[in-house]
1. Tell me, which strands (runs of 3 or more DSSP E) wholly within the range 50-145 include 3 or more residues that are hydrophobic (A, V, I, L, M, F, W, C) and surrounded by 12 or more Cβ atoms within 10 Å (Cβ to Cβ)?
2. Mind listing whichever residues of the range 98-145 are among the acidic types (Asp, Glu) and touching an Asp or Glu at 6+ places or on another chain (Cβ under 7 Å)?
Amino acid sequence: MNKWLMRIGSLLMVIGLLVGCGSNTNDQDITNNNQTEQNQNNDNNTSEIAEEVVIVTISKNENEEVITEKEIAIEEGAILLDVMKENFDIEEDDGFITSIDGVEQDLDAQLSWMYFVNDEMAPVGAGEYELSVGDKVNFDLQSWE
């Protein structure tokens, strides 16, 4: 009888060890899965943040000479003139930009700053234009002839 109790006790102990080790593996799998999901969520958040930008190009003579180009983080609905003032040295007159980073318009030569959003001339002044994420803005010093 003693032998049977020893065998049953040993068998129960082996089963207990197997079950115990198995639950550690499951806990590790759950932990690894949670970390993977968290990393994927962080990657998605990073992608969303990275996409919340506009690209602003400053050029002359219908893009013949690019002065500068910047990728600027914005919030949806930001006003273009405000974004320009925050990121460039701007002079303006009644909402119209007259100088960007020291490059001034020349009314005598009929050169002024025109701006385009996504390759379309904007229908309103920079002080009224609401930006959208992903917009490509181009300020170009060009003749108005």
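1. Hits in the range 50-145: 53-60, 65-73, 96-100, 111-117, 136-143.
2. If we filter the range 98-145 for residues that are among the acidic types (Asp, Glu), which is where we start, we get 101, 104, 106, 108, 119-120, 128, 130, 135, 140, 145.
Answer for the range 98-145, where residues must be among the acidic types (Asp, Glu) and touching an Asp or Glu at 6+ places or on another chain (Cβ under 7 Å): Asp101, Asp140.
Just so you know, all these numbers are worked out from the coordinates, no wet-lab data involved. Please read these numbers as outputs of a predicted model, since none were measured by experiment. Because the Cβ atoms are built from the backbone with ideal geometry, glycine has one as well, and the counts that use them run over all protein chains shown.
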